[in-house]
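Below: one structure, written as structure tokens.
The values are calculated or read from the model by the stated rules, or taken from the named source; none is laboratory data. Predicted model only: the values in this text are computed from it and were never measured. Every residue, glycine among them, receives a Cβ derived from its backbone with ideal geometry; neighbour counts consider all protein chains shown. Please note that ligands, DNA and RNA were not included when accessible areas were found on the heavy atoms of the full protein model with its side chains. Shrake-Rupley method; radii C 1.70, N 1.55, O 1.52, S 1.80 Å.
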Amino acid sequence: METENIFDALGYFKMLAEENKLAKENDFVACFCSGPDGIDDVMQKFRTTKNFIMIDDITQQNTYSKGVTFFDKNAYTVFILAGYRADDMTDRQEKLNLCRRIFRQMHSRMLHDKRNMIYGDSLEWLDLNSVYSKDLPYISLNGVTGLYFMVNNDEPVDLTYNADEWESDNG
């Protein structure tokens, strides 16, 4: 039996990026990338757009047992990146602080949405008590600064054996 994802993480993070006032005021564009290597594809748009909130559509997953129930742990990654003037460390620091503020606002909104059940129980399994974030090093992307954050979502998964899914039932 296949279970559907309870939480549409990609859609939720895109909505957060598009509705954040600070991000809008600073012309951040919400988009998707596929892993860290996918950032390069998005950065090709850097000539026309300087600021991005990129939602990684590749997740790290782990299925584990907790008593009699199995869970899928999905780690979602969001990059918040801002362009700065080349060789201007003051501008770089200001843009990094801007990215940090947007991250804190997004984290605050997630806590608000979960606590107030804004989306019903779809955020129930989102772990907001331990959200990992990391600033990007100066040398990683020339002329771009920012950070990424990771949020875990542990959803129950149905691993009930179904003989109809197999050509033979050897057991």
| Between N51 and residues 5 or more places away or on another chain, which pairs have amide H atoms under 5 Å apart, with H built 1.01 Å from N, and which residues are they? | V29, G83
| Relative to the first principal axis of the alpha-carbon coordinates of the chain, what is the inclination of helix 9-19, with its axis defined by its Cα atoms, in degrees from 0 to 90 and to the nearest 10? | 30 degrees
| field | For the chain: accessible area per residue (Å², 1.4 Å) | value | 61 Å²
| query | Dividing the alpha-carbon radius of gyration of region 79-138 by 2.2 N^0.38 Å (N being the number of residues), what value is obtained? | reply | 1.45
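Just to make sure I understand: if all protein chains stay in place, what is the order of R92, R100 by accessible area at 1.4 Å, largest first? Could the numbers behind the result be given before it?
Details: R92 30, R100 80 Å².
Output order, biggest surface exposure first: R100, R92.
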| said: With an 8 Å Cα cut-off and a minimum separation of 6 or more residues, compute the relative contact order for region 115-171 in percent. | reply: 31 percent
| task | Output the relative contact order of region 59-120, whole-number percent, from Cα pairs under 8 angstrom with separation of 6+ residues. | result | 19 percent
| message | Solvent-accessible area of E18, probe 1.4 Å, all protein chains present, reported in Å² to the nearest ten, please. | response | 90 Å²
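Sort K24, K114, K50 by accessible area with a 1.4 Å probe, largest first.
Working: K24 130, K114 70, K50 105 Å².
Ranking K24, K114, K50 by accessible area, largest first, yields K24, K50, K114.
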| Ignoring ligands, DNA and RNA, what percent of the 1.4 Å accessible area of the chain is carbon and sulfur? | 48 percent
| message | If I build a Gaussian network model for the chain, linking alpha-carbon pairs within less than 10 angstrom, which residue out of G143, G35, G120 has the largest mean-square fluctuation? | response | G120
| task | Rank these by accessible area, largest first, 1.4 Å probe: W125, W166. | result | W166, W125
| field | the chain, dipole about Cα centre (Lys/Arg Cβ +1, Asp/Glu Cβ -1), debye to the nearest 20 | value | 1380 debye
| When all protein chains stay in place, what accessible area (Å², nearest 10, 1.4 Å probe) is found for T48? | 120 Å²
| task | Calculate, in nm to one decimal, what V157 and R115 gain on full extension: separation in residues at 0.36 nm each, minus their alpha carbon distance. | result | 12.8 nm
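Using the Kirkwood radius over C-alpha pairs as Rh, can you work out the diffusion coefficient of the chain via Stokes-Einstein at 4 °C, viscosity 1.567 mPa s, in µm² per second?
On the way: Rh = 17.7 Å.
It diffuses with D of about 73 µm²/s by this estimate.
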